[in-house]
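The values are calculated or read from the model by the stated rules, or taken from the named source; none is laboratory data. Small disclaimer: the values here were computed from a predicted structure and weren't measured. Glycine also receives a Cβ, built like all others from the backbone with ideal geometry; neighbour counts cover every protein chain displayed. Side chains included, ligands, DNA and RNA excluded: accessible areas come from the protein's heavy atoms. Shrake-Rupley method; radii C 1.70, N 1.55, O 1.52, S 1.80 Å.
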Amino acid sequence: MFCGICHSDLHSIKNEWQNAIYPIIPGHEIAGVVTEVGKNVTKFKAGDKVGVGCMVNSCQSCENCNQGFENNCPGIIFTYNSVDRDGTVTYGGYSSMVVVHERFVVRFPEAMPLDKGAPLLCAGITVYSPMKYHGLNVPGMHVGVLGLGGLGHVAVKFGKAFGMKVTVISSSPGKKQEAIERLGADAFVLSKNAKEMQAALGTMDGIINTVSANIPVAPLLGLLKPNGKMILVGLPEKPIEIPPFALVSRNKTLAGSCIGGMADTQEMIDMAAKHGVTADIEVIGADYVNAAMERLAKADVRYRFVIDIGNTLGDCAAAVSE
């Protein structure tokens, strides 16, 4: 019914990661309704509201899979641009339907709308998982969210749902008002303002770094308290350079995180429904996808494009065939 447009889709179709398998059908923020189930399926039935995120298969038997961390499986199969275990190439959510093993399907709570919930299957779990496993989900703690885009705006909402103090760190002064008034952040630091950065030194327990641009990281590590952690979920094109003292001094940690396992993804969307956490979206028709990609490259979206697959893909395909 709906599919979000992730920045990964743009990277993939342009082959910026040098791993494209053309033709590509992107989309790993898929929300819809079950139309048919196989004979061995026990968790779902036709008519259920469900979602499919960034992966559609794994070996399902290694230590990582057995512990519920399918995202760390050496045999992970991504939702698109990946070769499945039967040798076929996977195709994603910019399509009328997907077929997937029930283990990799998420049940949508009744309170979670399909359109605003779809981006949580990537953006949501990408920020929820590191907050959970790095202890940045404790009420009263102070977390910084670096970058206010598709990932960052969801991180702000989860931070507030966890009961934390949330500060948005951004290079765009125009985002201060929406960070605080629209998204509920407690504070805003303009990273280009030396006085604001100085005032925030050593105040944060952790930072969720969602930025995919190459920026100096050392000054941002200075915002952390002793033993503070910066978790990288953005994907800059070039290697990150960090002076050793920026980490060694005051015992700081720089870590990375990649989506999350299926149990955590279900836990995430259940919590989101309970606390009213959804993505801020702009719903578009399938015929607008190319224009949306151009706007996404310019960061011209607040904060996630979502394709109305159910109502527009068929008409778009018919128009192309004509």
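Can you go through ASP264, ASP287, ASP315 and tell me which one is over 29 Å from LYS175 (Cα atoms) and touching a Cys at 6+ places or on another chain (Cβ under 9 Å)?
Just one listed residue meets the conditions, ASP287.
Which pairs turn up if I take residues in the stretch 186-197 that are within 12 Å of LYS176 (Cα to Cα) and look for partners that are of a type in the set (Val, Ile, Thr) and open to solvent by 30 Å² or more (accessible area, probe 1.4 Å) with beta carbon separation below 7 Å, at least 6 apart in sequence or on another chain?
PHE188/ILE180
Quickly run through the stretch 42-89 and pick out the residues that are under 19 Å from GLY32 (Cβ atoms), in a strand (DSSP E or B), in contact with a Ser or Thr (Cβ under 9 Å, 6 or more places away or on another chain) and open to solvent by less than 50 Å² (accessible area, probe 1.4 Å).
GLY51, VAL52, MET55, VAL56, ASN57
Which residue, of ILE231, ILE307, is aliphatic (A, V, I, L, M), open to solvent by less than 50 Å² (accessible area, probe 1.4 Å), in contact with a helix residue (DSSP H, G or I) (Cβ under 7 Å, 6 or more places away or on another chain) and more than 24 Å from LYS116 (Cβ to Cβ)?
ILE231
For the stretch 249-290, give me each residue that is under 25 Å from LEU235 (Cβ atoms) and in a loop (DSSP other than H, G, I, E, B).
Matches in the stretch 249-290: LYS252, SER257, CYS258, ILE259, GLY260, GLY261, VAL277, THR278, ALA279, ASP280.
At least 1 residues that are over 22 Å from PHE158 (Cα atoms) in each: list the strands (runs of 3 or more DSSP E) lying fully within the stretch 187-233 that qualify.
Fully inside the stretch 187-233 and qualifying: 224-232.
Can you pull out every residue in the stretch 92-123 that is farther than 14 Å from THR79 by Cα, in a loop (DSSP other than H, G, I, E, B) and open to solvent by 50 Å² or more (accessible area, probe 1.4 Å)?
Listed by number, the residues that qualify are SER96, GLU110, ALA111.
Name the residue that is surrounded by the fewest Cβ atoms within 10 Å (Cβ to Cβ), counting only residues in the stretch 21-41 that are in contact with a helix residue (DSSP H, G or I) (Cβ under 6 Å, 6 or more places away or on another chain) and not acidic (Asp, Glu).
VAL41
Can you work out which of the residues in the stretch 234-246 that are surrounded by fewer than 17 Cβ atoms within 10 Å (Cβ to Cβ) and over 18 Å from the mean Cα position of the chain (by Cα) is modelled with the lowest pLDDT?
Checked the stretch 234-246; the qualifying residue modelled with the lowest pLDDT is LYS238.
Looking for whichever is β-branched (Val, Ile, Thr), open to solvent by less than 60 Å² (accessible area, probe 1.4 Å) and part of a helix (DSSP H, G or I) here; the options are THR167, THR126. Which one fits?
THR126
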